[in-house]
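Chemist: Next up is a structure, given as structure tokens.
The values are calculated or read from the model by the stated rules, or taken from the named source; none is laboratory data. In this text the structure is predicted, and so the values were computed from the model without any measurement. Here Cβ is always computed from backbone atoms with ideal geometry, including for glycine, and neighbour counts include all displayed protein chains. Each accessible area value is taken on the protein alone, full model and side chains, heavy atoms only, with ligands, DNA and RNA left out. Shrake-Rupley method; radii C 1.70, N 1.55, O 1.52, S 1.80 Å.
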Amino acid sequence: MTREPAEPRLLDYLIRAGAIHSMTGQTYRSVGLRGAEIVAVSADLHGLDDLAAGGTAVVDAGDLTLLPAFADSHEHLMEASRNTLLLPVDRARSVAEFTGMVTDAARAAQPGEWILTSIGWHESNLAENRVPTLAELDAAAPDHPVLARRGGHFAVVNSAALAAAGIGADTPDPPGGKIGRLADGSRDGSLEGGAVYQVAAFAPGPGRGQLAGALGSGSAAYAALGVGTIREAMITVDELLAYQDANDRDLLNVRVRPMLRVGSELTEEAAIALIDGLGARSGFGDERLRIWGLKFVLDGGVEGAAMEQPYANDPGNSGHLNWDPAVMTRVCTEAARRGWRIGTHAVGDRAVRTLLEVYEAVVAEVGPLPPWTLVIEHALVSDAALRDRAVRGGFGVTVQYPLLWNMASEMLDTWGPERTQRVTPLNQWVAAGADLAAGTDIVRPFNPMTNVWGMVTRGTKSAGIQGPEHAISAGTALELYTTGTAALNHEQDRLGSVTPGKLADLVAYPLDPLAADPDDLPELTPAFTIVGGRATHDPGKRLAR
Ligand SMILES: [Zn+2]
């Protein structure tokens, strides 16, 4: 029997399980929790029994396997929560269903009220495999502005929304953005990059109190899938206040590590003034809610990714950069001097190369920085030279396999099969020795076990297997999703593994994901989730005291 530490303090919970994978190489059979922390582990099922007393809840879970709760390196909990307050067009399966929902919402709305849809929709889920047009949205809601954002970089709108935002026929494209047009020059209703914000700025959102409530139910849906921590990938300062409200009201069912947006529409002076005005720096907060750092967006999504080679379906287009690299270098240098960590969205290989140049210039100015200070978000398309350069520079990478899972068909069309098959080549990143942290970026609760299955099989939602040679093992996938993200969050001493002295963030499954057939993983959901010694998901009342 091994037991550490030997200190005989009584437990709040004693959990005896089929297996407890520490993610540091050990497998235990029992774990003891006291308050918010793990205080004892044993390789023996009954090795901690003498630490149980009248007040200890003993959980006999021989049928379950325990892991550290998942820590998502990059997800938009605020957007996902806000979506629960919005028109759920992600449920539409045709353009007619989509516009029919808009029509119904317009009928129920006050005159002139904005119709705001959820952003989790995608045209690949619509029978026509295209986005609704300006004309269709005008017909659905002639008198109400309609803003249908899709993900973080794209939207479709109607004429009333363009009018409300003051966008006329002659309005030029904003920096880093595009107002979509038909062949005759008239607007087609699509907006990309900065143009999305140009219109969204005029759409009134929910108030802070309403958002805080939505964060409560939104975070519960993630906890129900075994998530314990979310690195919130982009919020505004106002949204940080909504998070603080939610934390004060004890509504957050996951730990949150927000990134604050520094928009490319800002001038250099305005960006530095915004950072100065924040007052705090990375690491400010408590164990539930702690600021991770700043967020920059260097290129677009599948459409708009800055590539070294032109798009497969548009030989004149190789995407766009949102920032002048020299300006971004100066802003990031000032941020790093003030103690800020920086995560930058870079999808295409040209964006990744440009970002490496920016980060290398920052380090040349301010000197060596700790690991996970300057971070590359996504790096969907890379080559061996870029990967080696990221490792040499000490720039960690957050990887989101579900982006390939979700959008492989769109990538095949836009980037072609060769680039799609080598999106997020996890085996190559691991072999290069990169600092990696796994996440989702799906903007709705996404089962981490579907993500693990994808990393292990390279399976996708609707485009089969893509680049099977880039698969990694389930054990490595789980490490990137637990210890990897803990390191990204500079919390490897407090989270990421089942270790005495660390916070008690645990998830339990009716199968052992390390031993199971990968094809049994995608639908696997937890029996319970614990965050900080408290049940955040326990449908079977296995943790009842
Ligand atoms: Zn994102």
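Chemist: As a test, work out the antiparallel percent of DSSP beta bridges whose residues both lie in the chain, rounded to the nearest 5. Display every interim value, and only then the final one.
Modeler: Working: 38 of 75 bridges.
Around 50 percent antiparallel, to the nearest 5.
Chemist: Moving on. List the GluC sites (Glu not before Pro) within the range 376-463 that fall in a DSSP loop (any state other than H, G, I, E or B) and whose Cβ has at most 15 other Cβ atoms within 10 Å.
Modeler: Loop-located and lightly packed - none at all.
Chemist: Provide the per residue accessible area, probe 1.4 Å, for the range 182-262, rounded to a whole number of square angstrom. Write out the running numbers ahead of the final one.
Modeler: Details: 2810 Å² over 81 residues.
Accessible area per residue, the range 182-262: 35 Å².
Chemist: Quick one: if you stick a label point 7 Å off each Cα along the C-beta vector at Ser124 and Arg181, how many nm between them?
Modeler: Computed distance between label sites Ser124 and Arg181 equals 3.0 nm.
Chemist: Compute the long axis of helix 208-223 from its Cα atoms, compare it with the longest principal axis of the Cα atoms of the chain, and write down the angle in degrees, 0 to 90, nearest 10.
Modeler: That works out to roughly 50 degrees.
Chemist: I've got another one for you. Nearest 10 degrees is fine. How inclined is helix 401-415 to the longest principal axis of the chain, computing both from alpha carbons?
Modeler: 30
Chemist: While we're on this one: How big is the charge dipole of the chain about its Cα centre, in debye rounded to the nearest 20, if each Lys and Arg gets +1 on its Cβ and each Asp and Glu gets -1 on its Cβ?
Modeler: 900
Chemist: Putting +1 on Lys and Arg Cβ atoms and -1 on Asp and Glu Cβ atoms, find which of Ala431, Ala516, Val302 reaches farthest to the positive end of the dipole of the chain.
Modeler: In the chain, that residue is Ala516.
Chemist: Another question, if that's okay. I'd like the orientation of helix 349-366 relative to the chain: the angle between its Cα long axis and the longest Cα principal axis, in ° from 0 to 90, rounded to 10.
Modeler: It works out to around 70 degrees.
Chemist: Taking only protein heavy atoms into account and a 1.4 Å probe, give the accessible area per residue of the range 368-440 in Å².
Modeler: 31
Chemist: Probe radius 1.4 Å, ligands and nucleic acids left out: which of Phe202, Phe296 has the largest accessible area, and how do the rest follow?
Modeler: Largest accessible area first, the residues go Phe202, Phe296.
Chemist: Kindly provide the GluC sites (Glu not before Pro) of the range 60-165 that DSSP labels as loop, not H, G, I, E or B, and whose Cβ sees at most 16 other Cβ atoms within 10 Å. Intermediate results must be reported in sequence, preceding the final value.
Modeler: Numbers: sites: Glu75, Glu79, Glu97, Glu113, Glu123, Glu128, Glu136; in loops: Glu113, Glu128.
Passing both the DSSP loop test and the Cβ count: Glu113, Glu128.
Chemist: Could you give the accessible area per residue of the range 269-344, probe 1.4 Å, as a whole number in Å²?
Modeler: On the way: 3000 Å² over 76 residues.
About 39 Å² of surface per residue is accessible.
Chemist: Return the loop-located trypsin sites (Lys or Arg not before Pro) in the range 317-409 (DSSP other than H, G, I, E, B) with at most 16 other Cβ atoms within 10 Å of their own Cβ; answer none if there are none.
Modeler: Here the sparse-neighbourhood loop sites are Arg338.
Chemist: Once neighbouring chains are kept in place and the probe is 1.4 Å, which whole percent of the accessible area of the chain is contributed by carbon and sulfur?
Modeler: 52
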